[in-house]
1. Taking the Cα atoms only, what angle lies between the long axis of helix 59-81 and the longest principal axis of the chain, rounded to 10 degrees?
2. Between residue 44 and residue 148, what is the FRET efficiency for a Förster distance of 25 Å, r being their Cβ-Cβ separation, to the nearest 0.05?
3. What is the extension gain from residue 134 to residue 118, computed as 0.36 nm multiplied by their sequence separation minus the C-alpha to C-alpha distance, in nm to one decimal?
4. Along its principal axes, what span do the Cα atoms of segment 58-123 show, with the longest given first and each in whole Å?
5. What nm distance separates the two modelled labels at residue 23 and residue 1, each placed 7 Å from Cα along Cα→Cβ?
6. Could you tell me the convex hull volume per residue, in Å³, taken over the Cα atoms of segment 12-54?
7. Angle between the Cα long axis of helix 106-121 and the longest principal axis of the chain, 0 to 90 degrees, nearest 10?
8. When only alpha-carbon atoms are used, what values of Rg and Dmax, in angstrom, describe segment 3-93?
C-alpha cells in the first residue's frame, strides 16, 4: 500500500510544510539521507502549541503535541521528496520536550511522534531516538522533533 493511501486510511491530512523561522533549510538531502530540521508543535489550524510539560500539560497532551510534530515531519518529507514512497526507513528521531526540571517522562511524550511513524511507515517507521528535556524551546512551544530518513533513489 502506498504511503499516501496509508495516510488516507489513518485520516491524516498533511498540512503545508512549515517555513523556517530562522537561517536554516527545512530539509537537506545528502548521501541517501534526508535530514529534517526540528518541527515544532502546531495545531491543525497552524497555531502554536506552547507551554511546558509538568506545568501546563500532562503526558497525554504532550504526546498529542509530539504527534503534531511528526505530522509536520511527514509534510516536510513530502515537500522534499515529492513522493513519500521514496522513504526507505525512518532512521532516527530527536525529541525535545519543554518541561519543568522535575518532569521525567520525556520518552513517553516523544512516543507521540514515534508511534505515528510506525503507524504510517510500518516496520520502516521503527527508528533510533533520543528524547530530552529542555527548559525552553523556540517560540515557547511544548515539543520539537527532528528526523533522519533513509531514502530510495
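1. 30
2. Calculated value: 0.45.
3. Residue separation times 0.36 nm, minus the Cα-Cα distance, leaves 3.2 nm.
4. 41, 22, 17
5. 4.5
6. 137
7. With rounding to tens, the tilt is 20 degrees.
8. Rg then Dmax for segment 3-93, in Å: 14.0, 41.
Each reported figure results from applying straightforward, stated rules to the coordinates on display, with no laboratory input. These numbers come from a predicted model, not from an experiment. Here Cβ is always computed from backbone atoms with ideal geometry, including for glycine, and neighbour counts include all displayed protein chains.
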